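Everything on this sheet refers to the single structure shown next.
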Amino acid sequence: MMTETKQSMEILLAAPRGFCAGVDRAIQIVERSLEKYGAPVYVRHEIVHNKFVVESLKAKGAIFVEELHEIPNDGQPVIFSAHGVPKRVPEDAKARQMFYIDATCPLVSKVHKEAERHFAAGNQVILIGHQGHPEVEGTMGQLPEGAVLLVETIADIDGLEVQDESKLAFCTQTTLSVDDTAHIVAALMARYPKITPPHREDICYATTNRQAAVKQIAENCDALMVIGAPNSSNSNRLVEVGLSYGSEKSCLVQRASDIDWAWLEGVQTLGLTAGASAPEVLVEEVIAAIKDRYDVSVREVSITQENVVFNIPRVLREDAA
């Protein structure tokens, strides 16, 4: 009996992809806290936006909550997620005499400090970002209520009511589309020529590199698959970048079990990448699942090497003893 021959498929694997230094650090903070203090360790909000990561940390003894009042005051650490938190959260933790560890990505903390500096200099702050995203809530929450104006699109600029056009500054969320943000910034600077820009680009190196890697492969792909969570900003931006740069279709999957095999029919060249909070094990899982059905060749297309590492807090670097 003849065996059916598998259709061939080339996978163009984008690099860099997957975990960034801020995500890696945040996960290490939870794991090291569990080792040092034992379970449970409490985490306010998903430590990073990835279900697989969150579930694996839950299995080790992490308990995820949305607000501090959900945590019993049992002396165990509470960890703030990589996205950053409004100022009221550590203040609330102190008032409750909680032991907390901040896993905010240092590149998000940089934006927080920048917003505070602009405000201290007498500038009204405009933040480019997505309403409701925890990073945006954290950044806006560094300053008094109403001190930050949020802009999501170019159209939002027309509706801005600023106090003094000569005293304005802007910051951006770290996980935005590089291209879309450049258009919004250009429109903002055209409307307010005296606005003060960030000292250095706010969109982080990892977001920029992952988008650039997708741009490199997109025009040579019939389809692009991004491994990431539906609530992950940087992962959703990768889907959009794939479509903008020549991939006929583009989709987000959380892991191999989410693959829509009908969607892959007729695809000869598949672009594959992973958002900054998706572990490499999920990339390997997706490739293995595709290899079960297709005769697959994999070619990695790398645009740069990343060697950024962020230290975990000193309290966790000290020996557990």
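The values are calculated or read from the model by the stated rules, or taken from the named source; none is laboratory data. Predicted model only: the values in this text are computed from it and were never measured. Glycine gets a Cβ as well: all are built from the backbone with ideal geometry, and neighbour counts include every protein chain shown.
Could you identify the single residue in Ala155, Ala187 that is loosely packed, with under 15 Cβ neighbours inside 10 Å and either of a type in the set (Ser, Thr, Tyr) or at pLDDT 95 or above (or both)?
Ala155
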(request) For segment 62-89, enumerate the residues that are of a type outside the set (Val, Ile, Thr) and surrounded by fewer than 16 Cβ atoms within 10 Å (Cβ to Cβ). (result) Glu66, Glu67, His69, Glu70, Pro72, Asn73, Asp74, Gly75, Lys87, Arg88
(request) Test each condition in (1) assigned to a loop (DSSP other than H, G, I, E, B); (2) touching a residue at least 40 places away in the same chain (Cβ under 8 Å); (3) surrounded by fewer than 19 Cβ atoms within 10 Å (Cβ to Cβ); (4) among the acidic types (Asp, Glu) for Glu201 and report the one that comes out false. (result) (2)
(request) Just name the residue that is surrounded by the fewest Cβ atoms within 10 Å (Cβ to Cβ) out of those in segment 268-299 that are touching a strand residue (DSSP E or B) at 6+ places or on another chain (Cβ under 6 Å) and farther than 17 Å from Ala14 by Cα. (result) Asp295
(request) Considering each of Gly129, Gly146, Gly159, Gly122 in turn, give the residue that is in contact with a Lys or Arg (Cβ under 8 Å, 6 or more places away or on another chain) and of a type outside the set (A, V, I, L, M). (result) Gly122
(request) Mind counting the residues in segment 69-92 that are in a loop (DSSP other than H, G, I, E, B), out of contact with any strand residue (DSSP E or B) (no Cβ under 6 Å at 6 or more places or on another chain) and among the aliphatic types (A, V, I, L, M)? (result) 2
(message) Which of the strands (runs of 3 or more DSSP E) found entirely inside segment 224-321 contain at least 1 residues meeting this: of a type in the set (D, E, K, R) and without any contact (Cβ under 8 Å) to a residue 40 or more places away in the chain?
(response) 249-253
